[in-house]
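A quick write-up on the structure given underneath.
Where a number appears in this text, it was derived from the coordinates with a stated rule and is not lab data. Owing to the predicted nature of the structure, the values given are computational and were not obtained by experimental measurement.
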Amino acid sequence: MAFITEKHLEGSKYVYQLAPTVKKFTLKDTTFIQTKIGNFEFKRLLEEVPNSNEGFLLKIIVNPYLSGFKLSVTDKSGLRNVDIFKNASEMIQNKFYFQMDALVDRGVFTKSEI
């Protein structure tokens, strides 16, 4: 999957774009980890029951130039994409929106309604 400038997850109410004002230190402050090749990676398990270790994996990768990103929600193993707006509970969807809203508030992403 190539780096993109905006992403809409199927079934979501919003389109997310990388904020033009995003900074590397902001990514690090919001728990993105810098990989060996320079990308910034964010992983969160979206669980219905906290600490159950059962849920879907939200994975975001931002390239080192801060010009593109990848966003996906997969099964726990990270191998298959999952449509959480069709195949998951409302709580999982709310947790996804909560995580993304936190990143919007910190200036990592901007969002626009469809």
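Annotations
- Mean ellipticity per residue at 222 nm, deg cm²/dmol - from DSSP H runs of n ≥ 4 across the chain, formula -39500 (n - 2.57): -6500 deg cm²/dmol
- Here the Karplus relation 6.51 cos²θ - 1.76 cosθ + 1.60, evaluated at θ = phi - 60°, turns the backbone of the stretch 101-107 into coupling constants of 5, 5, 6, 5, 4, 7, x Hz, with x for every Gly and Pro.
- Here, the chain yields an orientationally averaged convex hull projection of 7.1 nm² when only Cα atoms define the hull.
- Rel. contact order, % - alpha carbon contacts under 8 angstrom, at least six apart, the chain: 32
- Pairs spanning more than 27 Å between alpha-carbon atoms, out of Lys36/Lys95; Lys36/Lys86; Lys28/Lys95; Lys23/Lys70: Lys36/Lys95; Lys36/Lys86.
- Across the stretch 13-26, computed HN-Hα scalar couplings (Karplus, 6.51 cos²θ - 1.76 cosθ + 1.60, θ = phi - 60°) run 8, 10, 10, 10, 10, 5, 5, x, 9, 5, 10, 4, 5, 5 Hz from first to last residue, x flagging Gly and Pro.
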